[in-house]
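Have a look at the structure below, then the notes.
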Amino acid sequence: MFALSSGMPPAAIAVVRISGEGAGAALAALAGCVPEARRASLRELKDAGGAPLDRALILWFPGPATATGEDLAELHLHGGRAVVAAVEAALAAMPGLRRAEAGEFTRRAFLNGRIDLAEAEGLADLLAAETESQRVQALGMASGHVSCAVAAWQERLLGLMAQVEAELNFSDEEDVELSDDCAYRVASAMQALAGELGEWLERPAAEVIAEGLSVVIAGPPNAGKSTLINALAKRELAIVSPVAGTTRDVIETPLALDGIAMRFSDTAGMRGDSADAIEAIGIDRAKAAVAAADILLWLGPPDAAPAHPRCLRIAAQADRWRGDAQAEAEAARCDLILSAASGEGMDALHRAIVAAARTLLPREGEAALRRRQRDALAEAKAWLDVEPGSHEAADLILLAERLRLAASALDRITGRAGVEEMLDALFGRFCIGK
């Protein structure tokens, strides 16, 4: 198979990758020879009729120590559209060669044991990363941070399984060291491991980083919500009007603050006396958005702010009420004083939102888990969660089965078992040539 593995032309350089049994023959057909392994060579490429295609750098990587685990060749071409098209046409005309499907190079790397499923998922996230936090998280996943943790857990499970196996099946062998409290020791070790898995499950989910934190702007009508989201987005996103109830639906825009992906939402003014059926629907949607928000920006009386763990109470429209003693007193009970129109307090709001967001993100060096990985880890924890001293903890046969099921759940994280049904969906996320 072959594909363009760099950006779409035109570009300075275009990298065409060939992988599989026919890679060496294809390289020899184009360049006249297979060069020394892992050394770049300058060659003139020609099609089957001898017509020149390009003067390019070629590289040869014999398998299995390659990115895909197979023989691999790379053509570093001049990045014009016509050059790339001509080389691809020459490759397509060769017997046994075909264009790669989306994600097929990475899928072969997984199937050939070059990467595991967690690393492949991290690579998919890395390709889709748009912010700094997404890049850091995806790079950690692709580099095997989760895989290393899973490998350590699996090693401990194997040790416990070996202890149980020895007690159950080889207790009459003289060279097998046994313990009178084997079941208690195993159950205690299982409980300790379950506690570690629980700590990982308490970490923020990877989807929070990939999809962006939800930041909802809410408050009564005419509180300055639409003006604020326009100021944050630096464009006219929402209609600003002195007429109460102008915003009828949730208006959402993606933004990145300090490299953190966020989804800001402007909502309908929240009040309980609307006779307009459409506005009432908008208010219901606003309440639902507030309930689902990661961070709430409340532009209204501080005492009326909804109960929310990360609510910033904002005294907005400061340019209008400065000098009003009652308004000044109410503003003093808020977290921030703001005027989106004049820019007052916008830098402080930026810092406050980022500070709240960082409490929802993994700490530096921590890896977050995707939903599929969390589900598998939660299942493993459930099988390991046995109370030492209980009736079940004293039964080595039951403990052996729990250990086996926990190991099977961990295997699914790295793709060693039970993952065939998800492979097409995963690797279909990759671009052609990856």
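The values are calculated or read from the model by the stated rules, or taken from the named source; none is laboratory data. Since we're looking at a predicted model, the values are computed, not measured. Every residue, glycine as well, gets a Cβ built from its backbone with ideal geometry; the counts of neighbours run over all protein chains shown. To get the accessible areas, we keep the full protein, side chains included, count just its heavy atoms, and leave off ligands, DNA and RNA. Shrake-Rupley method; radii C 1.70, N 1.55, O 1.52, S 1.80 Å.
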So in region 161-171, with the set limited to residues that are hydrophobic (A, V, I, L, M, F, W, C) and out of contact with any Lys or Arg (no Cβ under 9 Å at 6 or more places or on another chain), which one is least open to solvent (accessible area, probe 1.4 Å)?
164
Which numbered condition in (1) touching a helix residue (DSSP H, G or I) at 6+ places or on another chain (Cβ under 7 Å); (2) assigned to a helix (DSSP H, G or I); (3) closer than 20 Å to residue 371 by Cα; (4) not aromatic (Phe, Trp, Tyr) is the only one that residue 136 fails?
(1)
Give the residue, chosen from 65, 85, that is at pLDDT 95 or above, small (Gly, Ala, Ser) and within 34 Å of the chain's Cα centre (by Cα).
85
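So which of 355, 406, 380 ends up being closer than 30 Å to residue 311 by Cβ and either of a type in the set (Gly, Ala, Ser) or more than 17 Å from the chain's Cα centre (by Cα) (or both)?
355
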Quick check on residue 222: is it open to solvent by 50 Å² or more (accessible area, probe 1.4 Å) and modelled with pLDDT of 80 or more?
yes
The condition from (1) outside any helix (DSSP H, G or I); (2) closer than 30 Å to residue 211 by Cβ that residue 154 misses is numbered (1)
One residue from 114, 98 being touching a residue at least 24 places away in the same chain (Cβ under 8 Å), among the basic types (Lys, Arg) and either surrounded by 22 or more Cβ atoms within 10 Å (Cβ to Cβ) or closer than 27 Å to residue 376 by Cα (or both)
114
Residue 51 - would you say it is over 12 Å from residue 31 (Cβ atoms), open to solvent by 50 Å² or more (accessible area, probe 1.4 Å) and either within 37 Å of the chain's Cα centre (by Cα) or small (Gly, Ala, Ser) (or both)?
no
Whichever residue in region 11-27 is under 12 Å from residue 75 (Cα atoms) and open to solvent by 20 Å² or more (accessible area, probe 1.4 Å) and, among such residues, is farthest from the chain's Cα centre (by Cα)
13
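One line per residue, one yes/no per condition, for (1) at pLDDT 80 or above; (2) open to solvent by less than 20 Å² (accessible area, probe 1.4 Å):
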site: 141; (1), (2): no, yes
site: 146; (1), (2): yes, yes
site: 156; (1), (2): yes, no
site: 201; (1), (2): yes, no
site: 214; (1), (2): yes, yes
Among the residues of region 295-309, what is the count of those that are surrounded by 18 or more Cβ atoms within 10 Å (Cβ to Cβ), under 22 Å from residue 358 (Cβ atoms) and out of contact with any Lys or Arg (no Cβ under 7 Å at 6 or more places or on another chain)?
1
Would a scan of region 85-94 turn up a residue that is free of Cβ contacts under 8 Å to residues at least 40 places away in the same chain, closer than 29 Å to residue 126 by Cα and touching an Asp or Glu at 6+ places or on another chain (Cβ under 9 Å)?
no
Only one of 120, 151, 128 is more than 17 Å from residue 18 (Cα to Cα) and touching a Phe, Trp or Tyr at 6+ places or on another chain (Cβ under 8 Å). Can you tell me which?
120
Only one of (1) touching a residue at least 12 places away in the same chain (Cβ under 8 Å); (2) surrounded by 15 or more Cβ atoms within 10 Å (Cβ to Cβ) does not apply to residue 254, and that is (2)
Residues that are of a type in the set (S, T, N, Q), in contact with a Lys or Arg (Cβ under 7 Å, 6 or more places away or on another chain) and at pLDDT below 95, drawn from region 5-53
5
